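K.L.:
Take this structure, written in structure tokens, and hold onto it; I'll ask about it next.
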Amino acid sequence: MPHDLPFVEAFAFLAAAVIAVPIAKRIGLGSVLGYLIAGAILGPFGLKLFGDPENMMHVAEFGVVIMLFLIGLELRPELLWRMRDSILGLGGFQVLLTGLALAGAAMALGAEWRMALAVGFILALSSTAIVMQSLRERGLAATDPGRSAFAVLLFQDIAVIPMLALFPLLAMAPAGGEGEAHGVAALPAWAQALAVLGAVGGIVLAGRFLLRPVFRYIARAGMQEIFTAFALAIVVGVALLMQVVGLSPALGAFVAGVVLADSEYRHELESDIEPFRGLLLGLFFVSVGAAIDFAMILAQPLFILGLVVGLICIKAAVLFLLARGFKRPAADASLVALSLAQGGEFAFVLFAFAQSQNVVTGAFADPLIAAVALSMALTPLLLIVGERISTRLSTSAQRATPDALDIDQPHAIIAGFGRFGQIPHRLLKANGFRTSVLEHNAEQVELARGFGHRANYGDASRLDLLRAAGAADAQLLVIAVNDAEKATEIVEISRKHFPNLKVIARAFDRLHYYDLMDKGVDAAERETFEGGLRLGVKALRALGYGAHQAERAGRLFRRHDERQLEEMRAHWAAGEFETYRSAVTARQTMLEEALQRDLASQGVTRGDEAWDTESLDEEAKRRA
């Protein structure tokens, strides 16, 4: 029954999520359709456990804002520049041609040309929230068709701005009863344009020069909750600023994300905001389901069904032909076309705005709004159909081809970038491997970035940060943190959640080495062993050994010690400490005897000349 208690709606939302979403995912429909179905059942046209879905949607739209902020964090400016052909070409032509085609269809239904033009461009937009969430769940977001779909969606979000400016010019009669304009809207057109440019420029400058010092200050304080609060404050502040100047809050959040994409705090931001994105997007999907007017659908079912089918067919046909025109394979083109064939969430806002400006009448808009909501609900099913068609049109080899634009996918993740971790990082980079670096010391991150290394601030023992750094797709995790307990914790998390990821780790001593090996690392290296061994070799040289003798002694010592390390591991694991100590002592005696025998057998040989690189360097200097 109807109510005025907000916690009842909150409980209904949580209950819907717990019940409907797992069922929908289990049967292969995805979480989005589960949320939509739950909203339809619990909404004002179902069990009436929700009040006005429009009020709920105003809150839930913040989920879309957060989603676009996170998408922006994944796209560095140079990557966007490389995607310019897809964004401006495929995206621009899609909005233009689809808008004109749908405008023609609206005129065929009796709409006046100005109303038809507004309707066509409103319906040309697709649902960024539903499409991106569905693509991500099905593992398609980083593929070629996923990138193409995102490029189109990005241009559509940008196109909302000129639409808001165009609709008042299409008004069939002066808009009345709206009161006087306030704030930026009351300014002349040139002043509004300056306000918009100033807001966007302010976001860029603040992201480049102001936010990093603030993040660094908070990171040094070591207060995770303040970091999370500040991250949310950025998103809310940018959204409010965009509303003040009359732009889309979601677009502003996307710009802020792109500006911070090069920041060393990118992974930390992603991990802190991700839970809010999922929760608020779920609420948004529920509100879309609740907004479906079943009374209108039941009153004229064939007409509404015809609108839905016509909308999907026209958009899919235009998108498929455009994608093929931009030389996309038929398999990719079909998947892009069907994934973007629905109406978008901006249709609810734009239809309301168009009605307030006397561009579209309520009698014409209401059935279209119902058709848009239904088409959004059908998106997961359209995506399933698109995948099957794409599979039939492509070979498995074509589908397995990696996305050429996914330049950030790392081969290896380096956890810890201090005096130890930077060495394997530099070696891997020098050999052409891509790395993703996580370091929990803000000063060390700043120092590394000063030398051109792409280190990111974050605690590698957090599962969400490992995911953000690319652990699901990487081949190797190098654990080089300066904390034995933290290193062991990272090993446990990585072994549990990323079983296919190879793990090699920095060990602090023999006992830590044993612990790491028992936890399942593929290899471990004692942090001071090699450095101490090299110093020992130099000590032998200083005491009169030739280069070959000293190097050979060092190699024999290393082989003997590594063999002893593995043999003694079983005694330590079994708790046989006395046996362990006795075996170590015996092994030390054996090592001394072996080295003495080797030294007596080889003497000083001509091989020293080849090993003595210092003498060769001095000789070269003399000759020069």
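K.L.:
So which of L466, L476, L511 is farther than 17 Å from G421 by Cα and in contact (Cβ under 8 Å) with a residue 40 or more places away in the chain? Before the answer, list the steps.
P.N.:
Working: L466 fails: farther than 17 Å from G421 by Cα; L476 fails: farther than 17 Å from G421 by Cα.
Sole residue among the options that is farther than 17 Å from G421 by Cα and in contact (Cβ under 8 Å) with a residue 40 or more places away in the chain: L511.
K.L.:
With respect to E264, is the statement that it is touching a residue at least 12 places away in the same chain (Cβ under 8 Å), over 27 Å from L164 (Cβ atoms) and surrounded by 19 or more Cβ atoms within 10 Å (Cβ to Cβ) true? Steps first, please.
P.N.:
On the way: touching a residue at least 12 places away in the same chain (Cβ under 8 Å): yes; over 27 Å from L164 (Cβ atoms): yes; surrounded by 19 or more Cβ atoms within 10 Å (Cβ to Cβ): yes.
Taking the combined requirement at face value, the residue satisfies it.
K.L.:
Another question, then. Residue check, M223 against (1) aliphatic (A, V, I, L, M); (2) surrounded by fewer than 20 Cβ atoms within 10 Å (Cβ to Cβ); (3) at pLDDT 75 or above, all met but one. Which one?
P.N.:
It is condition (3) that M223 fails.
K.L.:
State yes or no: is R277 charged (D, E, K, R), in contact with a Gly (Cβ under 8 Å, 6 or more places away or on another chain) and surrounded by 16 or more Cβ atoms within 10 Å (Cβ to Cβ)? Break it down into steps so the answer makes sense when it comes.
P.N.:
On the way: charged (D, E, K, R): yes; in contact with a Gly (Cβ under 8 Å, 6 or more places away or on another chain): yes; surrounded by 16 or more Cβ atoms within 10 Å (Cβ to Cβ): yes.
The answer is yes for R277.
K.L.:
If you don't mind, another one. I'd like to know if the range 300-313 contains one or more residues that are among the aromatic types (F, W, Y) and touching a Leu at 6+ places or on another chain (Cβ under 7 Å). Write out each step before concluding.
P.N.:
The first filter runs over the range 300-313 and keeps only residues among the aromatic types (F, W, Y), leaving 303.
Now restrict to residues that are touching a Leu at 6+ places or on another chain (Cβ under 7 Å): none.
No, the range 300-313 contains no residue that is among the aromatic types (F, W, Y) and touching a Leu at 6+ places or on another chain (Cβ under 7 Å).
K.L.:
Would you kindly identify the helices (runs of 4 or more DSSP H) lying entirely within the range 410-478 that contain at least 3 residues that are within 17 Å of L260 (Cα to Cα)?
P.N.:
Working: elements: 422-430, 442-450, 463-468.
Qualifying helices (runs of 4 or more DSSP H): 442-450.
K.L.:
Can you work out which of the residues in the range 510-532 that are out of contact with any helix residue (DSSP H, G or I) (no Cβ under 8 Å at 6 or more places or on another chain) and not in a helix (DSSP H, G or I) is farthest from T488 (Cα to Cα)?
P.N.:
Taking the candidates together, the pick is T528.
The values are calculated or read from the model by the stated rules, or taken from the named source; none is laboratory data. Please read these numbers as outputs of a predicted model, since none were measured by experiment. Neighbour counts run over all protein chains shown; Cβ positions are idealised from the backbone, glycine included.
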